[in-house]
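**Student:** Just passing along the structure, written as structure tokens.
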Amino acid sequence: MLKKYNWNVSQFGDELVNEQTAILLPELYVEYKFKTSEKLRLNYNRYTNFGDYSNYANRLSLQSFNRIQRGNENLQNQVYQSASLLYSQFNMFKGLFYNARLSYTHRESSIRNQTEIEGIDQISTSIFTDLPENTYSINGTINKRIPDFTFTLGGNTSLSEYSRIINEEVLDYESINLSYNAKVRTRFDDWPNLEAGVRQSFSRLNSDAINNKFTTLSPFANLEYDFWDFIIEFNCDYNYFENQTTGDLNRFELAEASLFYGKEDSAWGFEVNATNLFDIGFKRQNSVNEFMVSDRRIFVQPRIVMSKVIYKL
């Protein structure tokens, strides 16, 4: 596929840019079926797109109390390639389903920020660059069903290699992320149904200047019971975060419950609902980028118990 693009940038009535380009965007899709329940798919695309319009405004804009963004009217269209290989199979008789996926993304040219750091202040300028940027990932899922239970196991691994310009210096980064999730769910008709599991992830971002390691662990449980004209629901989620580089820890748990009553042939319903059962005051979120580790507190509404009367029109 050959596409032609035209774009122009005008500001305060003056035309700053009027450009055009033609680009070849090949696509490939191949599917091979070993049998009806087993197949392999290969997909390849070359894409192009333009950045957000604000990136082209060559003026300063305040992003936060210590962060300023400057656009650039001379930006061009980004170009990247993506390829993936997907394998899937299922066996209805055994109740077994699984799939695996390999993917690769290569950016030929990108719109990125060139950042100047002065103390706590950051001044970022949008630039058009062909600095190398590659991402590799693999993920998979397995589901197994037996008469009263469903078991699920999944995992994901990704590796990104890229470069950024910080204080006029080109720095190379490597980001590694690994995660898995495992859960079991009951499938009873006349008994309470429970879903319980755990999610865990490991992250690492390193370069010649930094080396940050993080891990998160999140066990969870969800209960649902439908009996007579009542429905009981209970959800609980525990969160554990550790910055393995600094030793900082973060723990909190969220839970909510509800009891609903309503006859199937009636428009009326009644519910008692409770949120934030453990009455936590806040939860913390941690993040990291190429030059800053941040820690945020998000305040949570206090525990609330609410009664509801519902009428369905």
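The values are calculated or read from the model by the stated rules, or taken from the named source; none is laboratory data. Small disclaimer: the values here were computed from a predicted structure and weren't measured. Virtual Cβ from ideal backbone geometry, glycine too; neighbours counted across all protein chains shown. Surface accessibility is based on the protein's heavy atoms, side chains included, excluding ligands, DNA and RNA. Shrake-Rupley method; radii C 1.70, N 1.55, O 1.52, S 1.80 Å.
**Student:** Would you mind working out the accessible area per residue for the chain, using a 1.4 Å probe, and quoting it in Å²?
**Tutor:** 64
**Student:** If you don't mind, another one. How high is the relative contact order of the chain, in percent, counting Cα pairs under 8 Å that sit 6 or more residues apart?
**Tutor:** After rounding, I find 8 percent.
**Student:** Quick one: length gained pulling ASN8 to ASN143 fully straight, 0.36 nm per residue minus the C-alpha distance?
**Tutor:** 43.5 nm
**Student:** Here's a follow-up. Given LYS283/LYS308; LYS94/LYS312; LYS39/LYS283, which pairs have Cα atoms separated by over 32 Å? Before the final figure, lay out each step's value.
**Tutor:** Values: LYS283/LYS308 28 Å; LYS94/LYS312 42 Å; LYS39/LYS283 44 Å.
Table pairs above 32 Å Cα-Cα are LYS94/LYS312; LYS39/LYS283.
**Student:** Would you tally the net charge around TYR80, using a Cβ to Cβ cut-off of less than 10 Å, leaving TYR80 out, and scoring K and R as +1, D and E as -1?
**Tutor:** 0
**Student:** Then there's this: Excluding ALA221 itself, calculate the net charge of residues whose Cβ lies under 13 Å from the Cβ of ALA221, where each Lys or Arg counts +1 and each Asp or Glu counts -1.
**Tutor:** Values: positive: LYS183, ARG185, ARG199; negative: GLU195, GLU224, GLU233, ASP237, GLU253, GLU256.
Net of charged neighbours comes to -3.
**Student:** What part of the accessible area of the chain, given as a whole %, is carbon or sulfur when the probe is 1.4 angstrom?
**Tutor:** 53
**Student:** Leaving out same-chain residues fewer than 8 places away, which aspartates and glutamates sit with a Cα under 13 Å from that of LYS4?
**Tutor:** GLU19
**Student:** What shape does the chain take by its C-alpha gyration tensor, where a ≥ b ≥ c are the square roots of the eigenvalues and a/c under 1.5 counts as rounded, a/b above b/c as prolate, and the rest as oblate?
**Tutor:** It comes out prolate by the Cα gyration axes.
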